[in-house]
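Peer 1: Sending over a structure as structure tokens; questions will come in a sec.
Quick note: the coordinates plus some simple rules give every number you see, no bench work behind them. Bear in mind the structure is a predicted one, so any value in this text is a computation, not a measurement. Cβ placement follows ideal geometry from the backbone for every residue including glycine, while neighbour counts extend to all protein chains displayed.
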Amino acid sequence: MSEYCGVNREPVEKGKTMEEIEISAATVEEAIELAEAQLGLGRDEFGVEVLREGRTGILGVGAADALIRVIPAVPRETDSPELHETENVRLAVEVLETLLELLGVTGRVEVLSYETPLAFDIVGDDLGILIGRRGQTLAALQYITKLIVTSRLQTWVPITIDVGGYKKRRYDSLQRLALYLGEQVKSGRRSITMEPMPADERRIVHLTLADNPDVTSYSIGEGESRKVVVSLRQS
């Protein structure tokens, strides 16, 4: 059974280069998921050195969590960080507006954050087509935008994109659901498996329950079928 632990929870200050940190979890994959959530970065924006593979042991004897070292990518140097960030935002908005035009979708791109990670919200009427089933279309739009911006700038740029506040509402709902399921698992003394979710949503559940003394969470399945299991925390 997986259990998150040993996480450095100090946030990375915006505008500063991230230092190397170590994160432990039941498996290497779950440690990487936790790193993405903690740092607000995508998997392609930092390197990973596996210090120790996780072991389940026999009847709990000899079990050990996986341990990874997260190595930051080195952003391109600039004489004016503020100017650089503004140029990055301008480029990202341009790319998003072009993609919306190509998709035949009418929407307005609003900037939520000029600091890393750059954050945008697309607002307008009837934008459900940009969200898709379980947010898959939105995830693809964010990935493509980041890919184009990174290619144009020749450096990684963390970007998050929302549509009409969908992600915020979804994340808030997932946090409430995770807390509710945690209480159900605690009182019922049995594990609960959630529906399949994309990586960013699984991270919300993991982080919400990470400090819960009674329950823990871990991921199972592969690809689009990957889901979160909430279970009692072993002593």
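Peer 1: If each residue of separation counts as 0.36 nm, what is the full-extension length gain between Leu179 and Leu103 once their alpha-carbon separation is subtracted?
Peer 2: Numbers: separation 76, 0.36 × 76 = 27.36 nm, distance 3.80 nm.
23.6 nm is the gain from fully extending Leu179 to Leu103.
Peer 1: Stretch Ser113-Asp211 to full length: gain in nm at 0.36 nm per residue minus the Cα-Cα span? Walk me through the numbers before you get to the answer.
Peer 2: Numbers: separation 98, 0.36 × 98 = 35.28 nm, distance 2.82 nm.
Stretched fully, the Ser113-Asp211 segment lengthens by 32.5 nm.
Peer 1: Starting from the Cα of Gln136, step 7 Å along the direction of its Cβ; do the same at Glu19; then give the gap between the two resulting points in nm.
Peer 2: 4.2 nm
Peer 1: What is segment 167-225's relative contact order, in percent, from Cα pairs under 8 angstrom and six or more apart in sequence? Mind dumping the intermediate values first?
Peer 2: Numbers: 36 pairs, mean separation 22.1, N = 59.
That works out to 37 percent.
Peer 1: Relative contact order (percent) for segment 81-164, with alpha-carbon contacts under 8 angstrom and 6 or more residues of separation?
Peer 2: On the way: 105 pairs, mean separation 26.3, N = 84.
Here the relative contact order equals 31 percent.
Peer 1: While we're on this one: Need the C-alpha centroid separation for segment 173-235 versus segment 102-131, integer Å.
Peer 2: That distance is 29 Å.
Peer 1: Starting from the Cα of Val93, step 7 Å toward the Cβ, then list every residue of segment 115-137 with an amide N under 17 Å from that point.
Peer 2: Backbone N within reach: 115-116, 118-124.
Peer 1: Still on this structure, please answer the following. Given 0.36 nm per residue, what is the gain on full extension from Glu53 to Asp125 after removing their alpha carbon distance, in nm?
Peer 2: Values: separation 72, 0.36 × 72 = 25.92 nm, distance 4.81 nm.
Length gained between Glu53 and Asp125: 21.1 nm.
Peer 1: Let me ask something additional. Does segment 165-235 classify as rounded, prolate or oblate by the C-alpha gyration tensor (a ≥ b ≥ c root eigenvalues; a/c under 1.5 gives rounded; else a/b over b/c gives prolate, otherwise oblate)? Could the numbers behind the result be given before it?
Peer 2: Numbers: a/c = 2.02, a/b = 1.36, b/c = 1.49.
Oblate shape, in that a/c is at least 1.5 and b/c is the bigger or equal ratio.
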